[in-house]
Each structure stands twice: as structure tokens, then as C-alpha cells.
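The next block holds one structure in the form of C-alpha cells; read it before the comments.
Where a number appears in this text, it was derived from the coordinates with a stated rule and is not lab data. These figures come from a predicted structure and were not determined experimentally. Because the Cβ atoms are built from the backbone with ideal geometry, glycine has one as well, and the counts that use them run over all protein chains shown.
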Amino acid sequence: MSEQTPRTTGDVLEKAKTSLKEPEQYRVILLNDDYTPMDFVVEVLETIFHKQPAEAYRIMMQVHTQGSAVAGIYPYEVAETKVATTVELAQEAGYPLQATMEKV
Ligand code: TYC
């Protein structure tokens, strides 16, 4: 069979997918500790999680008073990067701030 001859046998006929799954979403959760300054947590929420100042303060206080709070909900790899960036920034500043993620 030459290159130009269309093949009439052996073709794999697959129906193209008409719908794609939505990416799975993950909650990024900030955890309380006794040492990370409140202002640092607010700054993290503003810079990494793109919260407005009042919302960043509200979330920080929820972590402070209740032990944890959701900082945002993202696809897996985005959530993973935000957790890593949060913990790295805190470590560089000498604070024990921890973040984790859980499937929505
Ligand atoms: N509990 C800390 C303090 O009193 C503040 C804090 C808030 C720490 C939120 C971590 O995720 C956190 N300085």
C-alpha cells in the first residue's frame, strides 16, 4: 500500500469524547500555630491567595480562633504550588506556618 492510498481496513474507529472531566478541586487549608505573626498570615493570604485585605484578615482570624480555615480552592497542581509557596515563605522568614490540602 503506497503512502497515498487510503487504508480501508484496520482503522481504529474511536468516537471522539464530547465531554471532558472538570479538573478535581482541592481546598488549601491554613493551620494555626502560636508563633507566626498575624500580619505575616494576612500578607500570605493577600499575595499568594489574592484575597482583599478585609477578607485576608477575616480568614487569618478564623484560623487563629478555630484552628484552620480554607484559603482557597484550586485544581490539584495549583493547590500544591500554593501550599509549597506558603510553607517556603514562612520557613524563609523563620515561622512555622503550615498549610495543607484536601479534595473537595
Ligand atoms: N496564632 C497566631 C498568633 O497568635 C496567628 C496565626 C494565624 C498563625 C493564622 C497561623 O495560620 C495562622 N500570632
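Structural remarks
- Put in order of Cβ neighbour count within 10 Å, fewest first, the listed residues Thr18, Thr47 become Thr18, Thr47.
- Residue order, fewest to most surrounding Cβ atoms within 10 angstrom, among Phe49, Phe40: Phe40, Phe49
- Taking θ as phi - 60° and the Karplus parameters 6.51, -1.76 and 1.60, the scalar couplings of the range 68-77 work out to 6, 7, 7, 8, x, 10, 8, x, 3, 5 Hz in sequence order, x denoting glycine and proline.
- 5 angstrom amide H check on Ala69, placed H, neighbours 5+ away: Leu30
- Sum of side-chain charges, Ala56 neighbourhood, beta-carbon under 13 Å (Lys, Arg +1; Asp, Glu -1): -2
- Nonlocal amide H pairs with Gln25, under 5 Å, H built at 1.01 Å: Val104
- Cα gyration tensor, the range 37-91 - rounded (a/c under 1.5), prolate or oblate: prolate
- At an R0 of 41 angstrom, the distance between the Cβ atoms of Thr100 and Ser19 translates into a FRET efficiency of 0.85.
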